[in-house]
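**Q** Take a look at the following structure, please.
The values are calculated or read from the model by the stated rules, or taken from the named source; none is laboratory data. Values in this document were obtained by computation on a predicted structure and should not be read as measured data. Positions of Cβ are generated from backbone atoms using ideal geometry, with glycine treated the same way; all protein chains shown enter the neighbour counts.
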Amino acid sequence: MSTEKLKETIQKVFPDVETVICWQEGFDKLHTTPLFMTASAQEAKVVWNPLCVQNLTSYLPSMKKKVAVVVKGCDSRTIVQFMEEGLIDRNNVVIIGIPCRGVVSVKKVLRAVDFQPIEDVKCVDDTVIVKTASGEKTLKVSDVWPDKCATCQYPTPVIYDYLIGDAIESDKPAESVYEDVREFETKTLEERKAYFEREFGKCIRCYACRNACPMCVCQDSCIAETRDPHWITQKLSAQEKMMFHMIHSIHLAGRCVECGECERVCPMDIPVAKIKKKINAEMKYLYDYTTGANPDDKPPMYTFNVDEAKIKEHKL
Amino acid sequence: MTENCTCNGDNNPYLPEIATVTRIIEETPNIKSFQVVFNDPERMKNFTFEPGQVGQLSLFGVGEATFVINSPPTRMEYLQFSVMKAGEVTSALHTIYEGDQIGVRAPLGNYFPYEDMKGKNILFVGGGIGMAPLRTLILYMLDNRADYKDITIIYGARTPPDLCYKDDLKEWEERSDVNLILTVDNEFPGWDKRVGFVPTVLKEVAPKWFETIAITCGPPIMIKFVLEGLAGLNFPDENIITTLEARMKCGIGICGRCNMGHKYICKDGPVFTLAQLNELPEI
Amino acid sequence: MLKNMLPFVGIDGKRFHYTWVSASEGQKWQQVVTGFTKQVHDLGPLHEKKEIAD
Amino acid sequence: MAKTGFLPKEKIKDFLDALSKDAQVHVPVKEGDIVAFKPYSADAEICLTRPANTSPKAVIYPQCDKLLSFEYTKDPEDNKKTSITLSDKRDYPNAVIFGCRPCDAKGFTIFDKVFVTADYVDPYYREHREKTTIISLACETPFAGCFCVAVDGGPADKVGSDVLMTDVEKGYYLESLTEKGDKVLSLPMIQEGASYQAAAQKIQTEAAAKVKNPLPKGATEKVNPTLFDTDEFWQQVAAKCISCGACTYLCPTCYCFNITDEAARDKGERIRTWDACMFQHFTLETSGHNPRPVKSRRLRQRVGHKFAYYPEKYDGVIACCGCGRCIRHCPVSVDISEIVGYLKDPGQDPKTWIERNTKAAKDGSL
């Protein structure tokens, strides 16, 4: 149903843009992969279903010509943040928004079928039917979606030129967004330190989290690799890995739109987004600022005024 | 192996040889030549290399970088490396004193095919620091002057102070059996010789291609126009030789940075003929 | 933001100190530095001693 | 006739304990959803039901290996003179890789050509390699992205392994392929294996049939040179790539590395760490020039090295064992077997690539 509507919209948009960035089926039934559609002939490959997990907007800053991009709710926040920071030229991007009721986390689906090879996957409204050697299994999307969908506040894209289907409201309480952060803070200092050292100890420093992050536009001159003297060494101790992830998180202060790509792409399944979510929680508390919500906002770290409008500063 | 190195016995291609810097020559404001001698006299005595081969200089704590050995194998009192100040290692090298110790991993890579240049005319076309690899071969040829017909050297730089090896240049000018043509990019007070870019001077001098090998090194932009100029003078591709540069780390053809197709610049090069280069895919 | 984030990743808040000392307040500057150094020393090394050979 | 044996499943623990007596045993351990090779310990949850996320490459070719340590010592009299002492002293423990897959084992034979049987022998790699025994487990079914059959491999390929195990219900049928393998089979808990030979053979042949060969019919031996040199082709296939290092760090046949000096004051180490041709800094020169500035050129180097350059240098051996990790774990599912399929498709001609995306390609927006 909505795939047909998406294809129609793409036809409408086509003459006006060089490329349409959307999804196509990947190397197996469970994976989709981005499709840079340049000719309307490739239209047959276009898909839209809960398996479309990649945030396609991360390619926008490097695109030189006018392009169209298909976005879910969480992806659209990236575009708003790009606009706030002037990283893209808005009239060079045609946004095709799709209301989304949650996508699947490939890792959680694999866990549900005990990591057996996938033979077939069918998406039927809000369930996913996964066929493996030991038969078929029907999974509700809400049982296997990534954490970001569990507290999703933006099922409908916050900005779009075309909308496929009608807008839907979020049915999740607003304060649930940073619940996992608050719950994690109840742990003791040592527990948290041990947790982070164990989790980030698995990091193999492939920088997939940094390169997948749409907001990380200075990858080619990343401070982690290009400074003399080196900020972090190439050695593999937990401190060096932790230092990199801290650099990455702090550079996203007031910028991270919680699209979850960094955690999704980590080959070692490290909860990389935890620190960023904590920083976002702080941003909300300190500056009452939510990233990628409204294009005219100014990210707090971008502006400096002596007395911050929204900070309840104690008068000396 | 020198005494101050506890080694595992087997020869380790990554282990530098400790050497002492005996003399530092200020060639130009941003180029210094370092003359080094291995601490182990035994190693120094039976060290052999061919003109055009390179070495990796180590400044421990900073890193390693590749430089051509630009003193000829016929003068073995020291090994000389010319270093232009550019990045981390080179800038650090420019701060050391005579008597300091550095690591040297040499010889690496291939060398100029001087055997089959014998009995031919030789044309050197150098630009700025590009004179370093050429100097090795020129001095080697001058030490075996009889083997080669006439030698022409076209050497240019931005300004006269940027010309390297000033005392060599003076000596070559006085020699009757070497035709030295110096040029600088534009007018300079007190400069009475040619003015103009190296490729334009090459066209003016218009050396004959017959029985002549052309060897050119210098900044990429110069090499681009020099190669066009040589083609214009219908030099055959196999008679045009150049040395390539790339980011290098291991120096022994494994680490994957400097390969053009299956050839590695650090090991199968840096010396290539234009004919060889035309066959290889772009890096 | 940093003051709240460091404890989150398990680094004791007392290891981070943020204060304002003007150029003229030499005495206060000396006090702040010695005080903070002592405070960190008491906390001991964050990771096992970061010697080179690790 | 190769020595064979049988290891009952309940005896695995004491088999590994026996091996751990004089070697460090690395086994695939399940932590959360991830299976990675870790040193064996009694409480480690060993998982042999699926290939590990990471390859066992780090056991023989560690991600960070000390090449040499150096120390500046000041000359007491004249403090301007400093002397340097170097040491490349190293003593690697014996090691055993247990439970890797035939494709992982084959990966090491590709390293051997570069690090051992080469003009310059790499002493670090060689010492690790000689001290390691590889016990691999034949696969029963292919996993997403597996294409070992397309690169002269197979689910029960013996190349590179010292012992090949095949799961035959109650235990593992062992085939020893080298002296190191014979030593392993001489352990007390290994029983007579001949009677399981037929069952194991059946499982191996069935598995081989299941693996799909993604290359097109009549795929050519060499890549199509003109298509390989068509920039538009690489721009199209690399459009979605985010140029990270996940594929290279998980790959059992990638060996590119970086050498850096890490020092504090007057003491330090020169270390060799993994590096990735997909990173922008890999070939960035001090002058700022970068021969592979855009991700399409970098992906061309990665695919070219494995399927064109390495085979050209080592008479036809393909530097890829088809384990599928780079496909399974790529953040955007770039599929190398699909790319190689285009490059080796006899019917493919470069013009279609150029026409199809001339507009987008021209301005380099891909």
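**Q** Report the residue count in segment A:187-234 for those that are hydroxyl-bearing (Ser, Thr, Tyr) and under 18 Å from the mean Cα position of the chain (by Cα). Let's see the steps before the verdict.
**A** Looking only at segment A:187-234, we keep the residues that are hydroxyl-bearing (Ser, Thr, Tyr), and these are A:188, A:195, A:207, A:221, A:226, A:233.
Pick out the ones that are also under 18 Å from the mean Cα position of the chain (by Cα) and you get A:207.
Of the residues in segment A:187-234, 1 are hydroxyl-bearing (Ser, Thr, Tyr) and under 18 Å from the mean Cα position of the chain (by Cα).
**Q** May I pose another question? If you check A:54, A:24, which single one turns out to be within 14 Å of chain D (Cβ to nearest Cβ), assigned to a loop (DSSP other than H, G, I, E, B) and at pLDDT 90 or above? Explain how you work it out, then say what you get.
**A** On the way: A:24 fails: assigned to a loop (DSSP other than H, G, I, E, B).
On inspection, the qualifying residue turns out to be A:54.
**Q** For segment A:263-305, give me the residue count where each residue is within 14 Å of chain D (Cβ to nearest Cβ) and touching a Leu at 6+ places or on another chain (Cβ under 9 Å).
**A** Residues flagged as within 14 Å of chain D (Cβ to nearest Cβ) and touching a Leu at 6+ places or on another chain (Cβ under 9 Å) within segment A:263-305 amount to 1.
**Q** Starting from residues that are of a type in the set (Ser, Thr, Tyr) and at the interface with chain B (Cβ under 7 Å from one of its Cβ atoms), keep the ones in segment D:267-290 and report whichever is surrounded by the most Cβ atoms within 10 Å (Cβ to Cβ). If you could, list the steps in order and put the result at the bottom.
**A** First, pick out the residues of segment D:267-290 that are of a type in the set (Ser, Thr, Tyr): D:273, D:283, D:286-287.
Going one step further and asking which of them are at the interface with chain B (Cβ under 7 Å from one of its Cβ atoms), we end up with D:283, D:286-287.
Working: D:283: 22, D:286: 15, D:287: 13.
Restricting to residues being of a type in the set (Ser, Thr, Tyr) and at the interface with chain B (Cβ under 7 Å from one of its Cβ atoms), the top hit is D:283.
**Q** Sticking with this one: Residues in segment A:222-234 that are within 9 Å of chain D (Cβ to nearest Cβ) and either surrounded by fewer than 19 Cβ atoms within 10 Å (Cβ to Cβ) or not in a loop (DSSP other than H, G, I, E, B) (or both): how many?
**A** So the answer is 3.
**Q** Considering only segment B:71-104, how many residues are in a loop (DSSP other than H, G, I, E, B) and over 22 Å from residue B:250 (Cβ atoms)? It would help to see each step written out before you state the result.
**A** Taking segment B:71-104 first, the residues in a loop (DSSP other than H, G, I, E, B) are B:71-78, B:85-87, B:94-100.
In the following step, the residues that additionally are over 22 Å from residue B:250 (Cβ atoms) were identified as B:71-78, B:85, B:94-100.
So the count comes out to 16.
**Q** Another question, if that's okay. Take the residues in segment D:105-128 that are touching an Asp or Glu at 6+ places or on another chain (Cβ under 8 Å) and not aliphatic (A, V, I, L, M); name whichever of them is surrounded by the most Cβ atoms within 10 Å (Cβ to Cβ).
**A** Checking each candidate, the answer is D:106.
**Q** Right, next: Need the failing condition index for residue A:16 against (1) within 28 Å of residue D:146 (Cα to Cα); (2) more than 10 Å from chain D (Cβ to nearest Cβ); (3) of a type in the set (D, E, K, R), just the number.
**A** (1)
**Q** Here's another thing I want to ask about it. Would you please list the contacts, defined by Cβ atoms under 6 Å and residues six or more apart or on different chains, that run from a residue in segment D:341-359 that is modelled with pLDDT of 85 or more to a residue that is surrounded by fewer than 17 Cβ atoms within 10 Å (Cβ to Cβ)?
**A** As it stands, the answer is D:341/D:216; D:344/D:219; D:344/D:220; D:345/D:216; D:346/D:218; D:346/D:220, since those pairs meet every condition given.
**Q** Consider segment A:282-316. How many of its residues are at positive phi and either modelled with pLDDT under 80 or within 18 Å of the chain's Cα centre (by Cα) (or both)?
**A** First pass over segment A:282-316, keeping only residues at positive phi: A:288, A:292.
Keeping just the survivors that are either modelled with pLDDT under 80 or within 18 Å of the chain's Cα centre (by Cα) (or both) gives A:292.
Residues meeting the conditions: 1.
**Q** So is residue D:259 more than 29 Å from residue D:164 (Cα to Cα), crowded, with 23+ Cβ neighbours inside 10 Å and either under 24 Å from the mean Cα position of the chain (by Cα) or facing chain B (nearest Cβ under 10 Å) (or both) or not? Break it down into steps so the answer makes sense when it comes.
**A** Values: more than 29 Å from residue D:164 (Cα to Cα): yes; crowded, with 23+ Cβ neighbours inside 10 Å: no; either under 24 Å from the mean Cα position of the chain (by Cα) or facing chain B (nearest Cβ under 10 Å) (or both): yes.
Judged against the criteria, residue D:259 is not a match.
**Q** When you look at residue D:20, is it of a type in the set (Ser, Thr, Tyr), out of contact with any helix residue (DSSP H, G or I) (no Cβ under 6 Å at 6 or more places or on another chain) and closer than 17 Å to residue D:133 by Cα, yes or no?
**A** Values: of a type in the set (Ser, Thr, Tyr): yes; out of contact with any helix residue (DSSP H, G or I) (no Cβ under 6 Å at 6 or more places or on another chain): yes; closer than 17 Å to residue D:133 by Cα: yes.
Yes: the conditions hold for residue D:20.
**Q** Moving to a separate point now. Can you find a residue that is touching a residue at least 12 places away in the same chain (Cβ under 8 Å) and closer than 30 Å to residue D:51 by Cα anywhere in segment A:219-238?
**A** The answer is yes; a qualifying residue exists.
**Q** Out of (1) out of contact with any Leu (no Cβ under 9 Å at 6 or more places or on another chain); (2) not in a strand (DSSP E or B), what's the single condition that is false for residue D:73?
**A** All conditions pass for residue D:73, except number (2).
**Q** If only one of B:71, B:91 is more than 23 Å from residue B:191 (Cα to Cα), free of Cβ contacts under 8 Å to residues at least 12 places away in the same chain and out of contact with any Phe, Trp or Tyr (no Cβ under 6 Å at 6 or more places or on another chain), which one is it? Please lay out each step first, then the result.
**A** Working: B:71 fails: free of Cβ contacts under 8 Å to residues at least 12 places away in the same chain.
That would be B:91, the only listed residue that is more than 23 Å from residue B:191 (Cα to Cα), free of Cβ contacts under 8 Å to residues at least 12 places away in the same chain and out of contact with any Phe, Trp or Tyr (no Cβ under 6 Å at 6 or more places or on another chain).
**Q** From the residues in segment D:332-351 that are small (Gly, Ala, Ser) and more than 11 Å from chain A (Cβ to nearest Cβ), which one is farthest from residue D:234 (Cα to Cα)? Reasoning before the result, please.
**A** Filtering segment D:332-351 down to residues small (Gly, Ala, Ser) leaves D:333, D:337, D:341, D:347.
Next cut, more than 11 Å from chain A (Cβ to nearest Cβ) only: D:341, D:347.
Values: D:341: 13, D:347: 18 Å.
So the residue we want is D:347.
**Q** Something else about it: Report, by residue number, each residue of segment B:191-247 that is surrounded by 21 or more Cβ atoms within 10 Å (Cβ to Cβ), of a type in the set (A, V, I, L, M) and assigned to a strand (DSSP E or B).
**A** Residues satisfying the conditions are B:213, B:214, B:215, B:240, B:241.
**Q** Tell me which residues, restricted to segment D:110-123, are at the interface with another protein chain (Cβ under 8 Å from one of its Cβ atoms), under 18 Å from the mean Cα position of the chain (by Cα) and not in a loop (DSSP other than H, G, I, E, B).
**A** Of segment D:110-123, the ones at the interface with another protein chain (Cβ under 8 Å from one of its Cβ atoms) are D:114-115, D:118-123.
Cutting the leftovers down to under 18 Å from the mean Cα position of the chain (by Cα) gives us D:114-115, D:122.
Matches in segment D:110-123: D:114, D:115.
**Q** Specify the residue that is surrounded by the fewest Cβ atoms within 10 Å (Cβ to Cβ); the eligible residues are those in segment D:86-104 that are within 12 Å of chain B (Cβ to nearest Cβ) and within 22 Å of residue D:23 (Cα to Cα).
**A** At the first step, the residues of segment D:86-104 found to be within 12 Å of chain B (Cβ to nearest Cβ) are D:86-92.
Subset that is within 22 Å of residue D:23 (Cα to Cα): D:89-92.
Details: D:89: 12, D:90: 16, D:91: 7, D:92: 16.
By that ranking, first place goes to D:91.
**Q** Do the conditions hold for residue A:84, that is, is it in contact (Cβ under 8 Å) with a residue 60 or more places away in the chain, farther than 15 Å from residue A:213 by Cα and assigned by TED's automatic domain parsing to the domain that holds residue A:23?
**A** Numbers: in contact (Cβ under 8 Å) with a residue 60 or more places away in the chain: yes; farther than 15 Å from residue A:213 by Cα: yes; assigned by TED's automatic domain parsing to the domain that holds residue A:23: yes.
So residue A:84 passes the test.
**Q** Now a separate question. Would you say residue D:65 is in contact (Cβ under 8 Å) with a residue 40 or more places away in the chain, in contact with a strand residue (DSSP E or B) (Cβ under 6 Å, 6 or more places away or on another chain) and within 30 Å of residue D:265 (Cβ to Cβ)? Don't jump to the end; show me each part of the working.
**A** Numbers: in contact (Cβ under 8 Å) with a residue 40 or more places away in the chain: yes; in contact with a strand residue (DSSP E or B) (Cβ under 6 Å, 6 or more places away or on another chain): yes; within 30 Å of residue D:265 (Cβ to Cβ): yes.
When the stated conditions are applied, residue D:65 passes them.
**Q** Scan segment A:68-87 for residues that are touching a helix residue (DSSP H, G or I) at 6+ places or on another chain (Cβ under 7 Å) and either crowded, with 20+ Cβ neighbours inside 10 Å or aromatic (Phe, Trp, Tyr) (or both) and jot them down.
**A** The answer is A:68, A:69, A:70, A:71, A:74, A:75, A:78, A:79, A:82.
**Q** Okay, moving on. Conditions first: (1) assigned to a loop (DSSP other than H, G, I, E, B); (2) facing chain C (nearest Cβ under 10 Å); (3) at pLDDT below 85. Residue A:239 passes all but one, so which condition is the exception?
**A** Every condition holds for residue A:239 apart from (1).
**Q** So, in segment D:277-296, exactly how many residues are in a helix (DSSP H, G or I) and in contact with an Asp or Glu (Cβ under 8 Å, 6 or more places away or on another chain)?
**A** Within segment D:277-296, the subset in a helix (DSSP H, G or I) is D:280-283, D:295-296.
Applying the additional criterion that residues be in contact with an Asp or Glu (Cβ under 8 Å, 6 or more places away or on another chain) yields D:280-282, D:296.
Count: 4.
**Q** Name every residue in segment A:185-212 that is facing another protein chain (nearest Cβ under 9 Å), part of a loop (DSSP other than H, G, I, E, B) and closer than 30 Å to residue D:285 by Cβ, in order of residue number.
**A** Matches in segment A:185-212: A:204, A:205, A:206, A:207.
**Q** Find the residue count for segment B:163-184, including only residues that are among the charged types (D, E, K, R), in contact with an Asp or Glu (Cβ under 9 Å, 6 or more places away or on another chain) and either free of Cβ contacts under 8 Å to residues at least 60 places away in the same chain or buried (at least 18 other Cβ atoms within 10 Å of the Cβ) (or both).
**A** As a first pass, look at segment B:163-184 and keep what is among the charged types (D, E, K, R): B:166-168, B:170-171, B:173-175, B:177.
Filter once more, so that each one left must be in contact with an Asp or Glu (Cβ under 9 Å, 6 or more places away or on another chain): B:166, B:177.
So of that shortlist, the ones also either free of Cβ contacts under 8 Å to residues at least 60 places away in the same chain or buried (at least 18 other Cβ atoms within 10 Å of the Cβ) (or both) come out as B:177.
So the answer is 1.
**Q** Of all the residues that make up segment B:249-261, how many are within 13 Å of residue B:283 (Cα to Cα) and crowded, with 23+ Cβ neighbours inside 10 Å?
**A** So the first thing to find is which residues in segment B:249-261 are within 13 Å of residue B:283 (Cα to Cα), and the list is B:256-261.
This time we only want the ones that are crowded, with 23+ Cβ neighbours inside 10 Å, so: B:256-259.
Result for segment B:249-261: 4.
**Q** Considering only residues that are out of contact with any Ser or Thr (no Cβ under 9 Å at 6 or more places or on another chain) and of a type in the set (A, V, I, L, M), look in segment D:217-263 and name the one that is farthest from residue D:107 (Cα to Cα).
**A** D:263
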